[in-house]
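The values are calculated or read from the model by the stated rules, or taken from the named source; none is laboratory data. If you're wondering where the values come from, they're calculated on a predicted model, not measured in any experiment. With ideal geometry, Cβ positions are generated from the backbone for all residues, glycine too; neighbour counts draw on all protein chains shown. Ligands, DNA and RNA are excluded from the accessible area calculation, which covers all protein heavy atoms including side chains. Shrake-Rupley method; radii C 1.70, N 1.55, O 1.52, S 1.80 Å.
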Amino acid sequence: MATPQDLSFLEDQDDDVFKAIRGEEKRQEEGLELIPSENYVSRAVREATGSILTNKYSEGYPGKRYYGGQEFTDVVEDIARERVKKIFNCKYANVQTHSGASANIATYFALLEPGDTVLGMDLSHGGHLTHGHPVTYITKIFNFVRYKMKDIETGEIDYGEMREVALREKPKILLAGFSAYSRELDYQKIADIAREVGAISMMDAAHIAGLIAGGAHKNPFDYGIDVITSTTHKTLRGPRGGLILIREDEDIAKKIDKSVFPGLQGGPLMHQVAARAVAFGEALEPNFKKYAQQIIKNAKAMAEVFEREEVRMLGGGTSNHLILADITSFGINGHEAEVALDEVGMTLNKNMIADDPNPPMRPSGIRFGTPAITTRGFKEKECARVAELMIEVLRNHDDESIKGKVHEEIKALAAKFPIPDKHF
Ligand code: DSN
């Protein structure tokens, strides 16, 4: 088991919050985290997150702050920027955005004027809310148009359609990236189309940043993509936070820094920036490469079971860390599946499938993945077994005795692979 955090002051002072945190520790330790956007950070990352840097205001950037007393915050932010630039092989980095959503929004405001167009992945085909879902405020300011998959069964993107829409709509940003897509993109084609129409190419790599960092997926910068946005807490295995990387254009980098602060945010969360620095240090260690490769091997092992059991997967399987499965053949919807699996210690999320006829709260699919269980040390064998147990529960979602047996097996598996304190 991961060493329990010292919460002695909290226990003395605030029993309610103390108990909730201890409850969450137990939940994480005894269950399996299959939500593909979650992970278990190292003890060192948690220590930095819980540090006294939370007390400090640091508006501005290293060497150019608005308040005094920055000799240590500057060190921390410089370390974070230098490490992440090394990981992704780029010239500029902004490590201050509070989340992936704010990284995307700051990038739009840096590079667009009101009314300008962004061409991005259709949301029901794997795009993200901040890629222009009508419920977000950014759609009141910018114009979002879409491309889709050509073939839902293989996950192939329709680059022909992307080019046609780009020529017609003349976007200022051509946006690649996704939060529910299981294949790899053709960055060369995307960068070429962007160049042809005079757009800046942007990749939201929030989900696969760790796969890129570990060399298990292609680096979009190697193909001429201009800007990468990301979160830091998914496959990259850092604390919650956002990230903006600029390949080489100094003008874009300056606009993005100004857009993050003072345009969008106030003071950066320096405890989170410090924890990002620690996580980037971990991602530079040789064994992060093995971790990234293993995430994909594990996801493929799960997909093989789903294929063998003839459960439909969007994109026909996976080339990354996640699987999106259509579970309507079990006679249940995504919400019911999420609840049934959660009851037996497997946490994942309901998800819309491409062109889903069902509503978002009762969609046709579930989305799951392997970043967190790979951190626990699971290999293909254990992942295949987890996939078998998932399917057993989906087939027998009303059978309490089968679910009880599965829960015992999941608890035993979790106990055999405790959440590690150290990641290298
Ligand atoms: N909530 C994240 C995810 O689960 O993919 C995206 O923002």
Among Lys64, Lys290, Lys56, residue whose mean-square fluctuation peaks in a GNM of the chain (springs only between Cα atoms under 10 Å): Lys64
In vacuum, with every alpha carbon of the chain counted as one equal point scatterer, what does the Debye formula give for log10 I(q)/I(0) at q = 0.07, 0.09 Å⁻¹? Two decimals, please. -0.34, -0.56
Go from 0 up to the bin containing the longest alpha carbon distance in segment 240-356, width 10 Å each, and give me the % of pairs per bin. 10, 25, 25, 27, 12, 1
For segment 68-147, the accessible surface attributable to carbon and sulfur atoms (probe 1.4 angstrom, ligands and nucleic acids excluded) amounts in percent to 57
Quick check for me: using +1 on Lys/Arg Cβ and -1 on Asp/Glu Cβ, what's the dipole size of segment 376-424 about its Cα centre, in debye to the nearest 20? 300
How much of the DSSP beta bridge set in the chain is antiparallel, as a percent to the nearest 5? 55
Glu113 to Glu409: FRET efficiency via 1/(1 + (r/R0)^6), r the Cβ-Cβ distance, R0 56 Å, to the nearest 0.05? 0.50
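On a 1.4 Å probe surface of the protein chains, which of Tyr67, Tyr223, Tyr187 comes out largest in accessible area, and what is the full order? Walk me through the numbers on the way to the answer.
Working: Tyr67 115, Tyr223 75, Tyr187 0 Å².
The residues order as Tyr67, Tyr223, Tyr187, largest area first.
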Any idea which of Pro359, His423, Phe221 is furthest toward the positive side of the dipole for the chain, if Lys and Arg beta-carbons carry +1 and Asp and Glu beta-carbons -1? Phe221
Percent relative contact order for segment 100-198, counting Cα pairs under 8 Å at least six residues apart, stands at 31
How many Lys pairs in segment 222-308 lie less than 28 angstrom apart by Cα atoms, where the lysines are 8 or more positions apart or on different chains? 10
Checking the cross-link filter: which lysines have an alpha carbon closer than 17 Å to that of Lys189, excluding same-chain neighbours under 8 positions apart? Lys148, Lys150, Lys170, Lys172, Lys218
Which order do you get for Ser364, Ser319, Ser329 if you rank them by accessible area with a 1.4 Å probe, largest at the top? Ser329, Ser319, Ser364
Summing +1 per Lys or Arg and -1 per Asp or Glu among the other residues with Cβ less than 11 Å from Lys350's Cβ gives -2
Quick check: with the 1.4 Å probe, what order do Arg43, Arg163 take by accessible area, largest first? Arg163, Arg43
Tell me, what is the percent relative contact order of the chain, built from C-alpha pairs under 8 Å that lie six or more residues apart? 23
With springs connecting C-alpha atoms under 10 Å apart, model the chain as a Gaussian network and identify which of Val311, Val17, Val339 has the largest mean-square fluctuation. Val17
Any idea of Asp326's accessible area? Nearest 10 Å², probe 1.4 Å. 20
Rounded to whole Å, give me the distance from the Cα center of segment 129-156 to that of segment 64-94. 32
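Mean residue ellipticity at 222 nm from the helices of the chain, using -39,500 (n - 2.57) per DSSP H segment of n ≥ 4 over the full residue count, to the nearest 500 deg cm²/dmol?
Estimated from H runs of four or more residues: -13000 deg cm²/dmol.
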Evaluate the distance, in nm, between pseudo-label points positioned 7 Å from the Cα of Lys289 and of Arg195 along their respective Cα→Cβ axes. 2.9
Pair Asp342, Phe417: separation of 7 Å Cα→Cβ label points (nm): 2.2
To the nearest 20 Debye, how big is the dipole of segment 209-293 about its Cα centre, given +1 on the beta carbon of each Lys and Arg and -1 on that of each Asp and Glu? 380
State to the nearest 20 debye the size of the charge dipole of the chain about its Cα centre, where the only charges are +1 on K and R beta carbons and -1 on D and E beta carbons. 1000
Can you return the aspartates and glutamates within cross-link range of Lys19? Criterion is Cα-Cα under 14 Å, with same-chain partners fewer than 8 residues away left out. Asp6, Glu11
Percent antiparallel among DSSP beta bridges confined to segment 175-256, nearest 5, equals 45
